[in-house]
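These notes concern the structure reproduced below.
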Amino acid sequence: MKRSLSKKLATLALASLLLIMAGCGGSGNNSASPANENSGDDTSPITFTFFGADASPSWNNMQDDVGKEITAKTGVTLDAEYDVGSGGGQSKIALMAASGDVPDLIYAKGELGKLVDAGLILDLTELIDKYAPNIKKVMSENMNRMKYSNEDQAIYSITTNIGVDQQNFDVTNGFQVQHRVLKELGYPEIKTIYDYENVLREYAEKHPMTDGQPTIPLTLNADDWKIMITITNQANNTTGGMNDGEYHVDPETYEAMLHYKRPVEKEYFRWLNKLYNEGLLDKDTFVQKEDQYKAKIASGRVLGLTSVDWEYADAENALKAAGKYDYTYAHFPVTMGEQYKDHAMQSFGVDGYGISITTACEDPIRAIKFLDWLSSEEGQVLRNWGIEGKHYNVENGTRVIPADVLDKKVNDASTFAKETGIDLYSVFGVRYGDGVKDSTGNYYTTKFPEQIIASYSDVEKETLAAYNATTWKDLFPSEDELPVKEWGALYNMQVPTDGDYQVISQKTQDIVRKRIPEAVQAKPAEFDKIYDDFIAELNAVGAEKMEKEYTELVKARVELFTGKEIQ
């Protein structure tokens, strides 16, 4: 009921704004039929406030090259605020929902539901239909995937963190091992957690010290929600799971349960317990802060990680800047046994977080036209490649990144992003994915095989050659082996923000973040009791009720995305 009322309020607010603005003379951007593809035809100065739920340490207030060009083309400047640290915007957005004080534009990620329920987000359906030809063109048959839910089919956000027709040409997750380790050990086969363990142990025994400091075979990041990225999600990933956050979904029945309940995952945590007791897992894993974790990686003494490169990229970039390429990391599809497949390459279609326009925005038509221009071919090329003649050249009809620009992009990534703005504006428009070509026959993005290989260091190329591979993707199960997930990306599925669901969810999260570290750090003889008590504790606070509710949400999502009728 609350959501239905909120939707009506938001729709009325938008309708009133459109009616008022339609009666205003002047700017041509109010035309219901934009004259051309690039519909941002009003370039008079305007500022939109914005909040992003992800941190953006390279944000330079649009004083970068791309930002200045965006303002020149659209007249828009952004008064932007980004979440600090790794909070995902939760605290800030909760305050916004309670106070009603929101910016014009917001990238709310998984917190969008709080703002929708508070009646603070506009339904963008009519705005897109009238004023956003580029968004409609790019999203095309995927428009349904922007709808909020089966029950509420409003478009509250424009999908921006995943590209349409995305092809994965490389892999950035899995389990990581330093190149120097692999080289010294003769590039050993690494397929299972036991292979991985043996590699770390053998090298650490040979080299107990690294550059004057104790070698750390494996360290993990358990600071706040990052515990999911490097620790808990891996229990699911290594056992054939589909990486659906806290849940495991049966692909036949769509039944969802907290993935920790799968008996095979218990064995993954038992393995971590073994590593901890044998000294292979960093004793500080569950007490260190993220900056301490990254500092250890940047020191070069951490042999292995179980993460994804965006999570540790800052530290690895420091190694590259210092010229320590042999201390950077290779990626492997590690599983509990060869009967399991790593699902890193599995497609979930066009589904993901996106940008929204709030009821606070006084000019939603101008706002949607701004987002639409950034969704045009010109806007996408600018966001991904930068400015011709400065960040890339066109040689014989092909966009090429000069060697000096590529060197800085790869080896001094934070400075490069801050100065150029390339990749800093990805959340401000829909986009085509890697592997899609534009009207000139060039790729929209810089992530295609030739460019990916060109960005590898000589050390990476040497390691890949030793494993008869040209990119890390070659080591992983291919996309063709894995069906497209019918339910999309469940991290983007909105869950109830009121009632029992949130209460139970918070209780289960508190239990997970307490009991998993306890089980991993326990004496081996105590592990089974602690883990079994952990599962019982989850059920005692209502996990089974929550799982049933989540299952129904998954089924409804499959119906929305596929048109199937699910019993």
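The values are calculated or read from the model by the stated rules, or taken from the named source; none is laboratory data. Note that this is a predicted model, so its numbers are computed, not measured. Positions of Cβ are backbone-derived with ideal geometry, glycine not excepted, and every protein chain shown enters the neighbour counts.
Does residue 516 qualify as being part of a helix (DSSP H, G or I) and either under 28 Å from the mean Cα position of the chain (by Cα) or among the aromatic types (Phe, Trp, Tyr) (or both)?
Values: part of a helix (DSSP H, G or I): yes; either under 28 Å from the mean Cα position of the chain (by Cα) or among the aromatic types (Phe, Trp, Tyr) (or both): yes.
Here the answer is yes, as residue 516 does meet what is asked.
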- Task: Give the number of residues within region 478-499 that are part of a helix (DSSP H, G or I) and either surrounded by 19 or more Cβ atoms within 10 Å (Cβ to Cβ) or touching a strand residue (DSSP E or B) at 6+ places or on another chain (Cβ under 8 Å) (or both).
- Result: 3
- Query: Got a sec? Which of 285, 210, 230 is surrounded by fewer than 20 Cβ atoms within 10 Å (Cβ to Cβ) and either modelled with pLDDT of 95 or more or of a type in the set (A, V, I, L, M, F, W, C) (or both)?
  - Reply: 210
- Task: State the number of residues belonging to region 149-167 that are within 19 Å of residue 495 (Cα to Cα) and out of contact with any Asp or Glu (no Cβ under 8 Å at 6 or more places or on another chain).
- Result: 6
- Query: Taking region 389-420 only, how many residues are surrounded by 13 or more Cβ atoms within 10 Å (Cβ to Cβ) and part of a helix (DSSP H, G or I)?
  - Reply: 15
- Residue hits (region 427-477; among the polar types (S, T, N, Q) and assigned to a loop (DSSP other than H, G, I, E, B)) are 439, 440, 442, 445, 446, 457, 468, 470, 471
- Among (1) crowded, with 18+ Cβ neighbours inside 10 Å; (2) more than 24 Å from residue 264 (Cα to Cα), which single condition is residue 502 missing? (1)
- Determine, yes or no, whether residue 275 is assigned by TED's automatic domain parsing to the domain that holds residue 327 and in contact with a strand residue (DSSP E or B) (Cβ under 6 Å, 6 or more places away or on another chain). yes
- Task: Output the residue which, of all residues in region 129-181 that are at pLDDT 90 or above, aliphatic (A, V, I, L, M) and within 27 Å of residue 232 (Cβ to Cβ), is surrounded by the fewest Cβ atoms within 10 Å (Cβ to Cβ).
- Result: 171
- Being out of contact with any helix residue (DSSP H, G or I) (no Cβ under 7 Å at 6 or more places or on another chain) and hydroxyl-bearing (Ser, Thr, Tyr) is the filter here, so list the residues in region 129-147 that pass it. 140
- Query: From 126, 111, 151, which residue is out of contact with any helix residue (DSSP H, G or I) (no Cβ under 6 Å at 6 or more places or on another chain) and in a helix (DSSP H, G or I)?
  - Reply: 126
- Residue satisfying condition, being farther than 15 Å from residue 148 by Cβ, crowded, with 16+ Cβ neighbours inside 10 Å and modelled with pLDDT under 95, within set 91, 58, 86: 58
- Message: Residues to consider are 507, 564, 529; find the one that is of a type outside the set (S, T, N, Q), part of a helix (DSSP H, G or I) and surrounded by fewer than 16 Cβ atoms within 10 Å (Cβ to Cβ).
- Response: 529
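Name the one entry in 239, 230 that is assigned by TED's automatic domain parsing to the domain that holds residue 204 and either part of a loop (DSSP other than H, G, I, E, B) or free of Cβ contacts under 8 Å to residues at least 40 places away in the same chain (or both). Full working, then the answer.
On the way: 230 fails: either part of a loop (DSSP other than H, G, I, E, B) or free of Cβ contacts under 8 Å to residues at least 40 places away in the same chain (or both).
The match here is 239.
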- Message: So, in region 423-435, how many residues would count as being over 23 Å from residue 369 (Cβ atoms) and not acidic (Asp, Glu)?
- Response: 2
- Any idea how many residues of region 154-199 are farther than 18 Å from residue 348 by Cβ and in a loop (DSSP other than H, G, I, E, B)? 10
- Query: Name the residues in region 525-550 that are more than 20 Å from residue 232 (Cβ to Cβ) and either touching a residue at least 60 places away in the same chain (Cβ under 8 Å) or among the hydrophobic types (A, V, I, L, M, F, W, C) (or both), would you?
  - Reply: 525
- Message: Against the condition in contact (Cβ under 8 Å) with a residue 12 or more places away in the chain, within 25 Å of residue 328 (Cβ to Cβ), of a type in the set (Asp, Glu) and surrounded by fewer than 14 Cβ atoms within 10 Å (Cβ to Cβ), how does residue 423 come out, does it pass?
- Response: no
- Can you list the strands (runs of 3 or more DSSP E) found entirely within region 280-387 that contain at least 2 residues being in the same structural domain as residue 464 (by TED's automatic domain parsing) and closer than 16 Å to residue 175 by Cα? 302-305, 329-332
- Filter region 437-479 down to residues that are at pLDDT below 95, closer than 29 Å to residue 147 by Cβ and among the acidic types (Asp, Glu), then give me how many there are. 1
